[in-house]
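The structure appears below as structure tokens.
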Amino acid sequence: MTHKEKLVAIRSLMKEQAIDAYIIPSSDPHISEYLPDFYKCIAWTSGFTGSAGTLVITQNFAGLWTDSRYFVQATEQLENSGFELVKLKVQHAPEYVTWIADQFPQGGAVAFDGNLASLAVANTINTTLSSIGFSINGHADLLSPVWHNRPSLPKEIAYTLPTSITGESTSDKIAKVRTILQQKRATCHLISSLDDIAWLLNIRGTDVPCNPVVLSFVYVDHNKAILFIEQSKLKEETITELASYGVEITEYNSLKTVVTQLPKGATILIDPKRTCFATYDSIPNGVTIKEDINPSTMLKTIKNEVEIAHERQAMINDGVALTKFFKWVEENVASGTLTEMNIADHLQGLRAEQPGFKDISFDTIAGYKDHGALPHYKAEEKSNYKLETEGLLLVDSGGQYETGTTDITRVIALGTPTQLEKDDYTIVLKGMIEGSMAIYTKGTRGYQIDAITRRPIWATLRNYGHGTGHGVGFFLNVHEGPQVFNQTATDIPIEKGMITSIEPGLYREGTHGIRIENLVLAKDLETNQFGGFMDFETLTICYIATDLVDKKWLDQVHIDWLNNYNEWVFNSLKNLLSNEEASWLREKTKAI
């Protein structure tokens, strides 16, 4: 079926069921950002493959609501699909709900599949539309009847990690969750989010590309813990190990049965942003629902000393692969054989040579020239630029190692840079350095770090449309909450042990893009009569190109930071490189 034929089939079902507007979120029952093929509903329906967006279908219009990271990609992928791009004004905002209200001033019937919508999204739809005369159906699956040959759910084997890697046993983690449940006066807790489950049970798998997680749910009360999972994914020794921690195993599809049997008087804690509406709606009357962030989400984001030590080693391994990669690009670009796609493959191959490598942590963004101005660009056959000895190359990539997750962006010049390219690059670099050097009081929020990072960029009347940073998991999801460095007033303080990216950018559509990204660890600095102070330790180990730097934009403190950083990179990696590679890196890290 073409996308237009799929649209016709969905509209036919809508007409049969008297549905005026059908909403398709980019999600699954675990409210995941990255999805197994079975749940790539937006890609199947419309052709759009980005990781964030919402489809809305009426009899007269079909649209994709997504943010500025995907405007160019969506425009290309939606061509001749029957869907139109609707540009979000605010990233992640449910602006389509207001649009639906405007399209049907007398009210109407709105539907969505509650397995694909978080409770938070469903609440927004219900609150906004039901009050003005709309009927809401949160249990309408219109895709399964028309999605023939739908991919199966993954069945790969899951495995557990030893405490020598995780730094904390499953038993201790479950005990911490139970303590928080007691503090919150909850009798039980349901976890749907896959990275929370992976952290809690020290379990990993390959069910979702680039994310080492396993499709599952977990129920915890003060007496038992239940893992809902396809049992063929677990070896006998894994089942025995989990049982030793007090974890029972039952089938993945039996969650609803357990939830509907919760006793009257129970108080269940669920996270509205990480629990799907269908699960919430199956909780019986007489059970009190307490909506709050998953305890594991906060526990997981604060890395312990074992995880931090492993992460530092993963950064060294990653730095070795990246050094080899950028040397290879520089030495081969003149051959005319390098493309955006084959350099991404080569980088993955170099990472795969490193100890403990499991996968990449997201699809590599290798954007040459104007493609660098697309923050979430992924090269495909029809867009695959050949690299030449001119222009800028932006590479945003990461690795999943058994001892940590990496995420890094660098920009290099493949020829003599223009003055505008040097200006843009240096201004972005200045912002990244300012964020990295920040000293801040305990209780500081991410939007304050965002502003510190943007200040030197704003000072030149430049800006970028995405956030400054996101949390990163430990051999887990490369995008991990709850902390973010962006302009929204997220009320999550920065705490010791959090790992977050700092990645300011600047994008000139049709010309070039700049983004420079390191991961940083939040740590305590000093406590005095004025309170507690914190700063960041930079974790990422890869040289920052200096041939694009124009020192007129930098103060001496920025120059010193850059020189010290590059010297640290060289000293960290030199003994793991060949003599030729070390000599090349020595040249790249010379002080300016």
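The values are calculated or read from the model by the stated rules, or taken from the named source; none is laboratory data. This structure is a prediction, so every number in the text was calculated from the model and none was measured. Note that each Cβ is placed from the backbone with ideal geometry, even for glycine, and that neighbours are counted across all protein chains shown. For the accessible areas, the whole protein counts, side chains as well, though only heavy atoms, and no ligand, DNA or RNA atoms are used. Shrake-Rupley method; radii C 1.70, N 1.55, O 1.52, S 1.80 Å.
Confirm whether Glu237 is out of contact with any Pro (no Cβ under 6 Å at 6 or more places or on another chain), outside any helix (DSSP H, G or I) and open to solvent by 70 Å² or more (accessible area, probe 1.4 Å).
No.
Would you say Glu291 is open to solvent by 10 Å² or more (accessible area, probe 1.4 Å) and among the charged types (D, E, K, R)?
Yes; evaluated as a whole, the condition is true for this residue.
Which of (1) in contact (Cβ under 8 Å) with a residue 24 or more places away in the chain; (2) touching a Phe, Trp or Tyr at 6+ places or on another chain (Cβ under 8 Å) does Leu64 not meet, given it meets every other one?
Going through (1) in contact (Cβ under 8 Å) with a residue 24 or more places away in the chain; (2) touching a Phe, Trp or Tyr at 6+ places or on another chain (Cβ under 8 Å) one by one, Leu64 breaks only (1).
Scan the range 68-77 for residues that are touching a strand residue (DSSP E or B) at 6+ places or on another chain (Cβ under 8 Å) and surrounded by 20 or more Cβ atoms within 10 Å (Cβ to Cβ) and jot them down.
Of everything in the range 68-77, just one residue is touching a strand residue (DSSP E or B) at 6+ places or on another chain (Cβ under 8 Å) and surrounded by 20 or more Cβ atoms within 10 Å (Cβ to Cβ), namely Ala74.
Go through the range 390-416 and report how many residues are of a type in the set (Gly, Ala, Ser) and in contact with a Leu (Cβ under 7 Å, 6 or more places away or on another chain).
3
Results for (1) assigned to a loop (DSSP other than H, G, I, E, B); (2) open to solvent by less than 70 Å² (accessible area, probe 1.4 Å), shown as yes or no for each residue.
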site	(1), (2)
Pro482	no, yes
Thr490	yes, yes
Leu506	no, yes
Val557	no, no
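From the list Ala459, Ala373, Ala413, Ala379, exactly one residue is more than 21 Å from Lys327 (Cα to Cα) and either modelled with pLDDT of 95 or more or of a type in the set (Ser, Thr, Tyr) (or both). Which is it?
Ala459
Look at Tyr22 and say whether it is over 22 Å from Ala379 (Cα atoms) and of a type in the set (Ser, Thr, Tyr).
It is true that Tyr22 is over 22 Å from Ala379 (Cα atoms) and of a type in the set (Ser, Thr, Tyr).
So Asn223 fits all but one of (1) of a type in the set (S, T, N, Q); (2) in contact (Cβ under 8 Å) with a residue 60 or more places away in the chain; (3) closer than 26 Å to Gln182 by Cα; what number is the exception?
Single failed check for Asn223: (2).
Being under 30 Å from Ala158 (Cβ atoms) and surrounded by fewer than 24 Cβ atoms within 10 Å (Cβ to Cβ): is that true of Glu495 here?
Yes: the conditions hold for Glu495.
Kindly evaluate Gly431 against the criterion of being open to solvent by less than 20 Å² (accessible area, probe 1.4 Å), touching a helix residue (DSSP H, G or I) at 6+ places or on another chain (Cβ under 6 Å), more than 24 Å from Asp555 (Cβ to Cβ) and at pLDDT 95 or above.
no
Test Leu548 against the criterion of being hydrophobic (A, V, I, L, M, F, W, C), at pLDDT 95 or above and outside any loop (DSSP other than H, G, I, E, B), and give yes or no.
no
Looking for whichever is open to solvent by 50 Å² or more (accessible area, probe 1.4 Å) and within 30 Å of Ala314 (Cβ to Cβ) here; the options are Ser169, Ser164, Ser135. Which one fits?
Exactly one residue qualifies, and that residue is Ser164.
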